[in-house]
Every structure is written in structure tokens, then in C-alpha cells.
Amino acid sequence: MSVKFYDSELHVMKVLWERGDCSAKEISNLLNQQIGWNINTTYTVIKKCIAKGAIERYGKNFMCRALISEKQAQAYEITELSEKLFHGSKMQLFNALIDQKSLTEQEIADLKDLINKLE
């Protein structure tokens, strides 16, 4: 499933990805502490995510469950970015990341391991 998340929606989704199923009230309390959202803002964003098919609501306590995994969201965003800025080439995207020369020695070693596993 491909869904475009706005930053506000990602705040809600990240809570569900990190904590698993939560009540809307729990999400609201957490986001109030983290970014200062009030309950109405949180509930509005949750409803937008439900309308997109990204969250399922169940139970009496307005329990929320993510229907889209973090990995699915990442894959969608990577595809969008590569299409938008790199003519659909993930290789050009990867090269651009490497050209930033901001990788640590450990990250370089991890990338080498990852590439070796692909072979």
C-alpha cells in the first residue's frame, strides 16, 4: 500500500510504530509532551490517517493500530524521492548519499557488509 504521509501524520504513525497499538488518548498525551499538540490536533490527525487507511480504530477506548508499517512508508518515500530528484534511479540516489562524504567508518563497513549479503 502506498500512502503519502505529511509530517503531522508521521508524528502519529511513529508513536504506533514504536509502541504498537495505543489509545488515541495515549497518543495525544505523548504528542502533547513531545511537541505540544493539544488533544484536538492529535485526534484530527488520527482521523486523517484512518481516512487514508493507515490506521485502524477499534474497541471502546478509541484504540489505534497501524495498518502500514514503517518499512512500507520508508519504501514509498524512497521511491518518491528517487523519482522526484533522480529520474527514478535508486543508484543515483545512493551515489548522492555517498557523495555527501558524511559516512562514518562504521557506516562504510556496514554498507560493505550489506552489499556482500546481497551478492
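The values are calculated or read from the model by the stated rules, or taken from the named source; none is laboratory data. As the structure is a prediction and not an experimental result, all values here were calculated from the model. Every residue, glycine among them, receives a Cβ derived from its backbone with ideal geometry; neighbour counts consider all protein chains shown. These accessible areas exclude ligands, DNA and RNA; they are computed on the full protein's heavy atoms, side chains included. Shrake-Rupley method; radii C 1.70, N 1.55, O 1.52, S 1.80 Å.
Within the straight-line cut-off of under 26 Å between alpha carbons, the lysines reachable from LYS52 are LYS4, LYS14, LYS25, LYS60, LYS71, LYS84, sequence neighbours fewer than 8 places apart in one chain being disregarded. What the stretch 11-94 shows is 63 Å² of accessible area per residue, with the surface traced by a 1.4 Å probe over protein heavy atoms. A simple rule links phi to the HN-Hα coupling: the Karplus curve 6.51 cos²θ - 1.76 cosθ + 1.60 with θ = phi - 60°, which for the stretch 43-48 gives 5, 4, 5, 4, 5, 5 Hz, with x for Gly and Pro. Between SER2 and ASP99, the modelled labels are 2.5 nm apart [label points 7 Å from Cα along Cα→Cβ]. Taking amide H atoms as placed 1.01 Å from N in the peptide plane, the amide H of SER23 lies under 5 Å from those of CYS64, each 5 or more residues away in sequence or on another chain. Against the set (i) 37, 29, 24; (ii) 37, 34, 22; (iii) 49, 29, 27, the structure's computed Cα extents along the principal axes in Å falls on (iii).
Oblate is the label for the stretch 12-52. Its Cα gyration tensor axes, ordered a ≥ b ≥ c, give a/c of at least 1.5 and b/c at or above a/b. Per-residue Karplus couplings for the stretch 87-101, computed as 6.51 cos²θ - 1.76 cosθ + 1.60 with θ equal to phi - 60°, are listed in order as 6, x, 8, 5, 5, 5, 4, 4, 4, 5, 5, 5, 5, 5, 6 Hz, Gly and Pro entered as x.
3J(HN,Hα) along the stretch 52-62, derived from phi through the Karplus expression 6.51 cos²θ - 1.76 cosθ + 1.60 where θ = phi - 60°, amounts to 7, x, 8, 10, 10, 9, 8, x, 6, 8, 6 Hz, with x in place of Gly and Pro.
If only the Cβ of Lys and Arg carry +1 and only the Cβ of Asp and Glu carry -1, the dipole of the stretch 1-72 around its Cα centre is close to 200 debye. Based on DSSP H segments of at least four residues, each scored -39500 (n - 2.57), the chain has a per-residue ellipticity at 222 nm of -21000 deg cm²/dmol. Using the Cβ of ILE50 as centre and a radius below 10 Å, the other residues enclosed give a net charge of +3, where K and R count +1 and D and E count -1. Of the listed residues LEU111, LEU16, the order by accessible area with a 1.4 Å probe, largest first, is LEU111, LEU16.
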